[in-house]
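J.: Handing you this structure, nothing more for now.
Every number in this text was worked out from the coordinates using simple rules, so none of it is lab data. Bear in mind that the values here come from a model prediction, so they are computed numbers and not experimental data. Here Cβ is always computed from backbone atoms with ideal geometry, including for glycine, and neighbour counts include all displayed protein chains.
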């Protein structure tokens with residue numbers, strides 16, 4: 001009897017695993033048709049009134065459509081009817097330019113939260129002189145620059161990053177917002193991130209933001 005129960009349990013687990021693989025394989029951007037992993041796409045559902053809504057946590061029930069975190073793909077959801085085709089019905093945007101402003105605001109919030117967490121975890125440093133020393137010592141995994149950094153300063157850090165084969169990723173936050181996220185009194189134009197669990201998540205949000213610019 002126990003052996004039979006184990007066989008049934010194994011069969012059920014295999015079926016669930018198989019359905020998950022099918023689901024992963026079938027998830028694609030409705031605009032460009034690129035295959036998407038769960039964490040790489042934006043899930044869109046219809047609310048009780050039949051209006052498109054963003055499912056940030058990926059837990060809302062009902063039929064869904066997925067889109068890339070790319071500005072062109074998000075812009076084409078209504079302009080080219082990609083979302084209407086996915087849901088097989090006529091749809092109107094809930095707000096002007098939806099969902100680009102909402103995605104930008106959400107990404108800014110996530111970047112702000114993760115910068116604060118990374119700083120407290122010792123995975124993120126600021127200050128031009130400090131960062132320069134850390135880059136020389138190969139402490140940094142990548143650099144972050146503010147949205148309002150000047151072209152001269154940006155060019156200087158780009159050269160330093162290229163010499164050390166480091167990514168220089170733009171944030172969707174101003175220098176004042178970067179300073180605030182770090183808990184600093186003044187603005188911060190450039191940050192250095194070392195490899196760690198929080199900065200890995202931050203890199204993902206920075207990449208998303210970069211695709212929205």
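J.: Taking the mean number of other Cβ atoms within 10 Å as a proxy for protection, how do you rank 196-206, 176-186 from highest to lowest?
T.: Highest to lowest by the protection proxy: 196-206, 176-186.
J.: Let me ask you something else. Got the relative contact order for the chain handy, in percent, Cα pairs under 8 Å and 6 or more residues apart?
T.: Once normalised by length, the contact order is 19 percent.
J.: Could you give the length gained on full extension between residue 34 and residue 49, defined as 0.36 nm per residue of separation minus the Cα-Cα distance, in nm?
T.: 2.5 nm
J.: Compute the angle between helix 151-163 and the longest alpha-carbon principal axis of the chain, please, reported from 0 to 90 degrees and rounded to the nearest 10.
T.: For 151-163 against the chain, the angle is about 80 degrees.
J.: If the chain between residue 147 and residue 165 were fully stretched, how many nm would it gain, using 0.36 nm times the residue separation less the Cα-Cα distance?
T.: Length difference between fully extended and current span is 4.3 nm.
J.: Would you calculate, for the chain, the mean residue ellipticity at 222 nm contributed by helices, counting each DSSP H stretch of 4 or more residues as -39,500 (n - 2.57) and dividing by all residues, to the nearest 500?
T.: Helix-only estimate at 222 nm: -16000 deg cm²/dmol.
J.: What angle do you read, to the nearest 10 degrees and between 0 and 90, between the alpha-carbon axis of helix 2-26 and the longest principal axis of the chain?
T.: That helix lies at roughly 60 degrees to the long axis.
J.: Dividing the convex hull volume of the Cα atoms of the chain by its residue count, what figure in Å³ per residue is obtained?
T.: In the chain, the Cα convex hull volume per residue is 185 Å³.
J.: Please list 166-173, 49-56 highest first by mean number of surrounding beta-carbon atoms within 10 Å per residue.
T.: Top to bottom by mean Cβ count within 10 Å: 166-173, 49-56.
J.: Could you give the angle, 0 to 90 degrees to the nearest 10, between helix 197-212's Cα long axis and the longest principal axis of the Cα atoms of the chain?
T.: Approximately 80 degrees, to the nearest 10.
J.: How much length would be gained if the chain were fully extended between residue 136 and residue 56, taking 0.36 nm per residue of separation minus their Cα-Cα distance, in nm to one decimal? If you can, show how the numbers build up before the last one.
T.: On the way: separation 80, 0.36 × 80 = 28.80 nm, distance 3.89 nm.
The span from residue 136 to residue 56 would gain 24.9 nm if fully extended.
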